[in-house]
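Heads up: the structure comes next, in structure tokens.
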Amino acid sequence: ADSFPTCGSCWCIPDNGGLGDCPSDWTPTTSFNSSVIKAYQSQVPSSIYTLNCNPYDDATCVTSPAQIMLNVSTAVCAYKYPTVEDGQQSCSAYSMVTYASEAEALADGAVLTHAGSCGLCSTAQDLSIYLIEDFTAAGKKCASIGLFDEAKGLECYMNLGLTKECAKIWNYDGIYDGQACGVICTKELKDPNNGPAPACTLNDCLQCDEQKAGPIFTSYAGRSRRRSGLLS
């Protein structure tokens, strides 16, 4: 059975400061069949987004190619699979396409992979790692390494299975996070991630990350666990 932290008796923080109703018709999946993970890892993107600058240091930093629809709240990233001779779709290769809405993506025959524009972590390979790694412990480890040696920090994230471009934004995020939130987080190393129910507010360390590093990471990465519908 899947196990995960709860806010009181609920698997998420309900609306209205935790006072709303807990969704009762489903619970999140936290373990995935190895065949599903391997299937994603076998798929090859026709092109990817690359990063040759650090967006935490350079306000003019853009990916190559440049992301689109970053300010469209309804935008989604979806996979477009080619149609082969028999009229069926081939799942061995795909294109990452940003659509203005879920409806637009589905109408084009694309398969949704996450909310928001496509970015550095939108590949199927990166999704496969998100399915097996929540980055709580491993992310902290790699971030700590990156603070002292950027190259080794990048290597640490890549050793988790992330693509190099996705590992770059994780590494930059970890380094910036350590610099911006390090003092706060050092004081809360053993503290729980959330406060008591019903609000279950984030601790000061995670709140610092959410406010200072999170928006940049989400924008450039494209994929986050939350945007992918995974427990975060």
Give the residues of region 197-225 that are open to solvent by 30 Å² or more (accessible area, probe 1.4 Å), touching a residue at least 12 places away in the same chain (Cβ under 8 Å), outside any helix (DSSP H, G or I) and within 23 Å of Asn16 (Cβ to Cβ), sorted by residue number. Ala197, Pro198, Ala199
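Each row is one residue, and each column tells you yes or no for (1) within 30 Å of Lys164 (Cα to Cα); (2) acidic (Asp, Glu).
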| position | (1), (2) |
| --- | --- |
| Pro5 | no, no |
| Ile13 | no, no |
| Gly17 | no, no |
| Asp21 | no, yes |
| Trp26 | no, no |
| Phe32 | yes, no |
| Ser35 | yes, no |
| Gln41 | yes, no |
| Tyr49 | yes, no |
Taking Ala78 as the residue in question, decide whether it is farther than 24 Å from Asp177 by Cβ, surrounded by 13 or more Cβ atoms within 10 Å (Cβ to Cβ) and of a type in the set (Gly, Ala, Ser). yes
Picked from region 20-73 (must be polar (S, T, N, Q) and touching a helix residue (DSSP H, G or I) at 6+ places or on another chain (Cβ under 6 Å)), the residue farthest from Ala93 (Cα to Cα) is Asn54
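One line per residue, one yes/no per condition, for (1) exposed (fewer than 13 other Cβ atoms within 10 Å of the Cβ); (2) farther than 16 Å from Val97 by Cα:
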position	(1), (2)
Gly18	no, yes
Trp26	yes, yes
Val36	yes, yes
Gln43	no, no
Asn52	yes, yes
Val84	yes, yes
Go through region 75-94 and give me each residue that's part of a loop (DSSP other than H, G, I, E, B) and under 17 Å from the mean Cα position of the chain (by Cα). Ala75
So if I check each of Asn33, Asn71, which one is farther than 19 Å from Ser219 by Cα and without any contact (Cβ under 8 Å) to a residue 12 or more places away in the chain? Asn33
Which condition number in (1) touching a Ser or Thr at 6+ places or on another chain (Cβ under 6 Å); (2) within 14 Å of Tyr220 (Cβ to Cβ) is the one that Pro65 fails? (1)
Can you list the helices (runs of 4 or more DSSP H) found entirely within region 95-189 that contain at least 2 residues being touching a residue at least 12 places away in the same chain (Cβ under 8 Å), within 27 Å of Ala59 (Cβ to Cβ) and open to solvent by less than 50 Å² (accessible area, probe 1.4 Å)? 136-148, 150-159, 164-186
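Table: residues versus (1) at pLDDT below 95; (2) out of contact with any helix residue (DSSP H, G or I) (no Cβ under 7 Å at 6 or more places or on another chain).
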site	(1), (2)
Asp134	yes, yes
Met158	no, no
Lys212	yes, no
Ser219	no, yes
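The values are calculated or read from the model by the stated rules, or taken from the named source; none is laboratory data. Predicted model only: the values in this text are computed from it and were never measured. Cβ sites come from the backbone with ideal geometry, for glycine too, and all protein chains shown count toward neighbours. Quick note on the areas: whole protein, heavy atoms, side chains included, nothing else; ligands and nucleic acids left out. Shrake-Rupley method; radii C 1.70, N 1.55, O 1.52, S 1.80 Å.
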